[in-house]
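Data block below; observations after.
The values are calculated or read from the model by the stated rules, or taken from the named source; none is laboratory data. Remember, it's a predicted structure, so these values are computed and weren't measured experimentally. We place every Cβ from the backbone using ideal geometry, glycine too, and count neighbours over all the protein chains shown.
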Amino acid sequence: MSMDKNLNEEELKLRQQLQRAVRGAEVPPYLENKIRAAIRGSEARRPFPFRYSWMAAAAALAIAVFGGGIAYQLGYLRLTTGAQESYIASVSNQVASIMRIGLRDHIHCSVFRKFPKEAPTLETAQRKLSAPYRGMIPIVRKHVPAGFDVMITHECGFHGRKFVHLALKRNSELLSVVLARKEDGESFRTEELIPALTQAGIPLYQTGVQRFQIAAFESPRHLVYVISDLSKETNMQTITAMAPDLNDFLSKLEL
Amino acid sequence: MTEGAPAAHRFEMEAMPHLNDIYRTATRILGERARAEDVVQEVYLQAWKSFDRFESGTNCRAWLFKILFHCVNHHRRKWFRFPLLKENEEFLEANLAYSPPAPDHLTDEEILAALDKLPADFRSVVLLVDVEEFAYKEAADILQIPIGTVMSRLSRGRRLLREQLAEVARSYGIGRTAEEGRGV
């Protein structure tokens, strides 16, 4: 044990008070269960003994080739809801909590969603949104990189939060513009994120995880995200182009 | 527990009992329960994945704390903009010439609030040594820093904690100011 003998009476008393205060926190029961479930889930993925490893590798390769082919043909991967949630959590936990909000919705609604074969017309896309948000579709279409089509527009709820989501596609590349209504006190500033750059007085924030690039800004009542599997530079260029018009649009909406 | 026992059972017996210790330290280091829960889950999953490399009968608790700080350091580079330690040290040199006594009547909330104000590097050492009662050598191994650095950060962390608590006392109109203590 550490140097109790070097502490005077007052220091010992403070140490005891400190221990009492910190040790007052109890782990929530659901966390313990969650960890056990995660361990059970990963147990099945523990490595085989060496003598079986070549068979496992061959089987995995076969599954990947055939499974990947089928998934490619279908255009998306059919994962269970639990597996999707697990994937979303594992990826999004690697970015700041305020950045997770948009990323989760992008993965949930774009990555795991089957897209229509043809892009809808502007009128059809607008009909899927409530009247106040319809005006954002032309703004988004104007500023996304060439070749991207607005494939899905919708208002959705995920983990108790409402989103307006425009999902765009260019061949196999995905791009989302996600609007989330702010909850109490939410702001990129309070998360102490540093803007990557400022466009027309609007601070733009940026982060990335795995293949996802996330850029964002905020209006008084909304968090706005552009998330894609484009390069970091292209994703930033997209939000840089879009932010002034979208910010004006939201300013009028929030009056 | 023997090496021959199923790994899941050994893990349950050796690692799971320390969940509370890991959780409360993560909460105090990260300052937010949701983040702490994510990190604690990651710690246990990493521990489970490398449990075959853990030598049964050695200090599992210290091993888990080492994984915890590895995860915290990995995440905090992304989540936070921590001030450099150099700045903290300069701040401390300038402000802690006088080590005030801690006031007598403190609530847990006041102590935790004071603890949370410590720079993260000092807070980590105070938590490991004073709360979790690790030896200096163990704390040095967990944090991957020299033992001398542990001792210096602990000393400064404790002084800064007393200073924060003295602030609380002063807000109640108790005690003297640091300037008075220094005779300025």
Subject >> Residues of region A:127-145 satisfying the condition of being free of Cβ contacts under 8 Å to residues at least 12 places away in the same chain and either touching a Cys at 6+ places or on another chain (Cβ under 8 Å) or part of a loop (DSSP other than H, G, I, E, B) (or both) >> reply: A:Arg134
Original post:
Considering only helices (runs of 4 or more DSSP H) fully contained in region B:1-57, which possess at least 2 residues that are crowded, with 21+ Cβ neighbours inside 10 Å, touching a residue at least 12 places away in the same chain (Cβ under 8 Å) and within 11 Å of another protein chain (Cβ to nearest Cβ)?
Top reply: B:19-30, B:33-49
Original post:
Of all the helices (runs of 4 or more DSSP H) wholly in region B:127-184, which have at least 1 residues that are modelled with pLDDT of 90 or more and surrounded by fewer than 23 Cβ atoms within 10 Å (Cβ to Cβ)?
Top reply: B:136-143, B:147-171
**OP:** Quick one: which residue in B:Ala15, B:Ala47, B:Ala36 is small (Gly, Ala, Ser), modelled with pLDDT of 85 or more, within 22 Å of A:Glu192 (Cβ to Cβ) and out of contact with any Lys or Arg (no Cβ under 8 Å at 6 or more places or on another chain)?
**Re:** B:Ala36
Original post:
If we keep just the residues of region A:162-190 that are closer than 19 Å to A:Leu253 by Cα and among the basic types (Lys, Arg), which is surrounded by the most Cβ atoms within 10 Å (Cβ to Cβ)?
Top reply: A:Lys182
**OP:** Check region B:105-114 and report whether any residue there is in contact with a helix residue (DSSP H, G or I) (Cβ under 8 Å, 6 or more places away or on another chain), away from chain A (no Cβ under 14 Å) and at pLDDT 85 or above.
**Re:** no
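Conditions tested, residue by residue: (1) closer than 16 Å to A:Asp105 by Cβ; (2) crowded, with 22+ Cβ neighbours inside 10 Å; (3) of a type in the set (Lys, Arg); (4) not assigned by TED's automatic domain parsing to the domain that holds A:Val164.
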| position | (1), (2), (3), (4) |
| --- | --- |
| A:Arg211 | no, no, yes, no |
| A:Ala216 | yes, yes, no, no |
| A:Ser219 | no, no, no, no |
| A:Leu223 | yes, yes, no, no |
| A:Ser228 | yes, yes, no, no |
| A:Glu233 | no, no, no, no |
| A:Met236 | no, no, no, no |
| A:Pro244 | no, no, no, no |
| A:Asn247 | no, no, no, no |
**OP:** Run A:Leu193 past the list (1) more than 14 Å from chain B (Cβ to nearest Cβ); (2) of a type outside the set (D, E, K, R); (3) crowded, with 19+ Cβ neighbours inside 10 Å and report the number of the one that doesn't hold.
**Re:** (1)
Subject >> Elements of type strands (runs of 3 or more DSSP E) in region A:166-255, at least 1 residues being closer than 21 Å to A:Tyr133 by Cα and touching a residue at least 60 places away in the same chain (Cβ under 8 Å) >> reply: A:173-181, A:212-218, A:222-228
Original post:
Of A:Arg161, A:Arg170, which residue is in contact with a Pro (Cβ under 9 Å, 6 or more places away or on another chain) and at pLDDT below 95?
Top reply: A:Arg170
**OP:** Tell me, please, whether a residue that is out of contact with any strand residue (DSSP E or B) (no Cβ under 7 Å at 6 or more places or on another chain), buried (at least 16 other Cβ atoms within 10 Å of the Cβ), assigned to a helix (DSSP H, G or I) and assigned by TED's automatic domain parsing to the domain that holds A:Ile227 can be found in region A:111-121.
**Re:** no
